[in-house]
Amino acid sequence: MEQPPDRTKRPWRFTTFVYTSSILFLLLSILILSFTTHDLYKTQTLRLIFTTNRISTYLQSLFSNSKSETPNPSHCVLWMAPFLSSGGYSSEAWSYILSLHHNLKPPKFRITIEHHGDLQSIEFWNGLATETKELAIQMHKTECRPNETIVVCHSEPGAWHPPLFETLPCPPHGYYGDFAAVIGRTMFETDRVNDEHVERCNGMDRVWVPTEFHVASFVKSGVDSSKVVKIVQPVDVEVFDPLKYEPLDLVEIGDLVLGGSGTRSLGFVFLSVFKWEKRKGWDVLLKAYLREFSGEDNVALFLLTNAYHSDRDFGNKIVDFVKELSLEEGEDGYPFVYVIDKHIAQVDLPRLYKAADAFVLPTRGEGWGRPIVEAMAMSLPVIATNWSGPTEYLTEENGYPLVVEEMSEVKEGPFEGHQWAEPSVDKLRVLMRRVMSEPDEAKVKGKRGREDMVKKFAPEVVAKVVADQIERIFDEKIRR
């Protein structure tokens, strides 16, 4: 059998700072992994950053000419995504990689991965399961020949070659024509795709999008309809299984923002998970919740959030917002509002959902809505806006679709001038009261939600769809 190519001659290898920093970060992560069982972990982490000699040793090992121990198929997929960062593209990329790894037996093609498209986070890496870290290291070492490789650029099109910001280009610079095919996996949260991104999409062999909503919006915006393929996102229903977990103590990890001393019992718990930006509809949620409930309702709202181009002073932001609403505190006080701005490790997310009675996200637009499907997999009744990504999986039978009152223009940011949804505050009030006061109905919807996740979006289901698409492209190339 012919030997795999020398890794030092790997065609997508670079000498730019961006590529070097990506490799160094992965190697640093490898080193960190070896210290995770020690009490001095944090101290060792800081020391490792400056351990240049050890990093050099790992570089030599990683790019050695060693032969792969296990024979593999010749076909290969280079999956480039924000594997070492948090966020939607990162979690989605991991879901595909893990689905393919665990469910393609025997494997039809090999997979190698590269970090691309976003900043890197040691905190996120540390929160991954040990077996996931080990798989990442293993896959990153996989060697592939370009002409036998399909590249998946799993990011927003601005990161594709040539990137509009500092990141490892995808497909790797200078070898665009040498690969068997290049696939762009992307999505948008508004009603259209801008002209620059349309052009980049049309440069791909395929463009994978997650929903019928995106198929329609991409084609309408000018992306070649023959290139656009719907590939839904998997949710790990084995990990997100409500029968396997005890709930997190939300009060212990949350900061009380509204609702007095917190001496009252929590009662019914609403959970929302989002990054702090207007698109996520946190203002809609607070308006509806604070107008519908008071301290006597024995209810609590927990917001798991993180900064997005803003500071982390979420408590004061909420207090200031309530003042702007001119919403006076009644005799019974405000209902509880807690903010969780601490990092919740991936392995602890199921316990977070387990601690809630319902999930709510009145978003203005979603590419997919990963926290929504995770909550559904955990059998939580879900309230979410009936527009964009959630229309692919949220129905009246398995949840509570929230009515869109009107469309509004995006006023700032990269989607300025686009349209997105304005969910109804009044309808949200009705649904939140309903899910709390009619627990039997909510339980039925939650149960159906999990059933739908298992049937339509389980890893083994989606892995087959992805593998079939990849094999189809390889077959097309062979016939030419």
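The values are calculated or read from the model by the stated rules, or taken from the named source; none is laboratory data. Just so we're clear, the structure is a prediction, and the values are computed from it rather than from any experiment. Reconstructed Cβ throughout: ideal geometry from the backbone, glycine too, with neighbour counts over all protein chains shown. Accessible surface areas use protein heavy atoms only, side chains included; no ligands, DNA or RNA. Shrake-Rupley method; radii C 1.70, N 1.55, O 1.52, S 1.80 Å.
Please work out the FRET efficiency for the pair D249 and A216, using the Cβ-Cβ distance as r and a Förster radius of 41 Å; give the result to the nearest 0.05. Please report the intermediate quantities before stating the final value.
Working: r = 44 Å, r/R0 = 1.06.
The formula returns an efficiency of 0.40 here.
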Notebook entry, point to check: Once the Cα gyration tensor of segment 250-457 is found, what semi-axes does its equivalent ellipsoid get, as square roots of 5 times the eigenvalues, in whole Å, sorted largest first?
Noted result: 24, 21, 17
Checklist line | Bins of 5 Å from zero: percent of alpha-carbon pairs in segment 182-267 | finding: 3, 12, 18, 12, 6, 6, 8, 10, 11, 9, 4, 1
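Going down the list K220/K477; K230/K456; K141/K230; K230/K287; K230/K464, which pairs span over 24 Å between their C-alpha atoms? Kindly include the intermediate steps, with their values, before the conclusion.
Values: K220/K477 28 Å; K230/K456 14 Å; K141/K230 30 Å; K230/K287 35 Å; K230/K464 14 Å.
Violating the 24 Å Cα-Cα cut-off are K220/K477; K141/K230; K230/K287.
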Next item on the list: Note the full-extension length gain between K464 and R479 as 0.36 nm times their separation in residues minus their Cα-Cα distance, in nm to one decimal.
Entry: 3.2 nm
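With contacts defined as alpha carbon pairs under 8 Å and 6 or more residues apart, what's the relative contact order of segment 294-353 in percent? Please list the in-between numbers first.
Values: 45 pairs, mean separation 35.4, N = 60.
So the answer I get is 59 percent.
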Check: Kirkwood hydrodynamic radius (Cα pairs, Å) of segment 360-435?
Finding: 12.8 Å
Notebook entry, point to check: Counting only heavy atoms of protein chains, what accessible area per residue, in Å², does segment 250-457 have with a probe of 1.4 Å?
Noted result: 42 Å²
Next item on the list: For a quick protection proxy, order the peptides 426-435, 290-299 by their average other-Cβ count within 10 Å, most packed first.
Entry: 426-435, 290-299
Checklist line | Virtual spin-label span in nm between N316 and V454, 7 Å along Cα→Cβ | finding: 4.8 nm
Check: Which peptide among 97-109, 272-284, 223-235 comes first, and what is the full order, when sorted by highest mean count of other Cβ atoms within 10 Å?
Finding: 272-284, 223-235, 97-109
Check: Size of the dipole of segment 331-389 about the Cα centre, Lys and Arg at +1 and Asp and Glu at -1 on the beta carbon, nothing else charged, in debye to 20?
Finding: 280 debye
Next item on the list: Place a +1 charge on the Cβ of each Lys and Arg in segment 250-457 and a -1 charge on the Cβ of each Asp and Glu, then give the dipole magnitude about the Cα centre in debye, rounded to the nearest 20.
Entry: 740 debye
Margin query: Rounded to two decimals, what is the ratio between the C-alpha radius of gyration of segment 276-335 and 2.2 N^0.38 Å?
Written below: 1.16
Check: Ordered by residue, what ³J(HN,Hα) values in Hz, to whole numbers, does segment 327-337 give under the Karplus form 6.51 cos²θ - 1.76 cosθ + 1.60, where θ = phi - 60° and Gly and Pro are x?
Finding: 9, 6, 6, x, 4, 8, x, 6, x, 4, 10
Notebook entry, point to check: Which parts of segment 115-142 would a label at H102 reach, counting a residue when its backbone N lies under 19 Å from a point 7 Å out along Cα-to-Cβ?
Noted result: 125-140
Margin query: From the phi angles alone, apply the Karplus equation (6.51, -1.76, 1.60; θ = phi - 60°) to segment 215-228 and give each ³J(HN,Hα) in whole Hz, x where the residue is Gly or Pro.
Written below: 3, 5, 5, 5, 5, 4, 7, x, 6, 4, 4, 6, 8, 8
Margin query: Full-extension gain between E438 and E397, please, as 0.36 nm times their residue separation minus the C-alpha to C-alpha distance.
Written below: 13.3 nm
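Give the calculated FRET efficiency between Q419 and A345 to the nearest 0.05, with a Förster radius of 30 Å applied to their Cβ-Cβ distance.
Numbers: r = 36 Å, r/R0 = 1.21.
With a Förster radius of 30 Å, E is 0.25.
Determine, for each peptide in 203-212, 315-324, the mean count of other beta carbons within 10 angstrom over its residues, then list the peptides with the highest first. Present the calculation step by step, with values, prior to reporting the outcome.
Values: 203-212: 21.1, 315-324: 13.9.
Most protected by this proxy first, the peptides run 203-212, 315-324.
Quote the FRET efficiency, to the nearest 0.05, computed for N202 versus E131 with a Förster distance R0 of 41 Å and r equal to the Cβ-Cβ distance. Spell out each step's value before the answer.
Working: r = 39 Å, r/R0 = 0.94.
Here the calculated transfer efficiency is 0.60.
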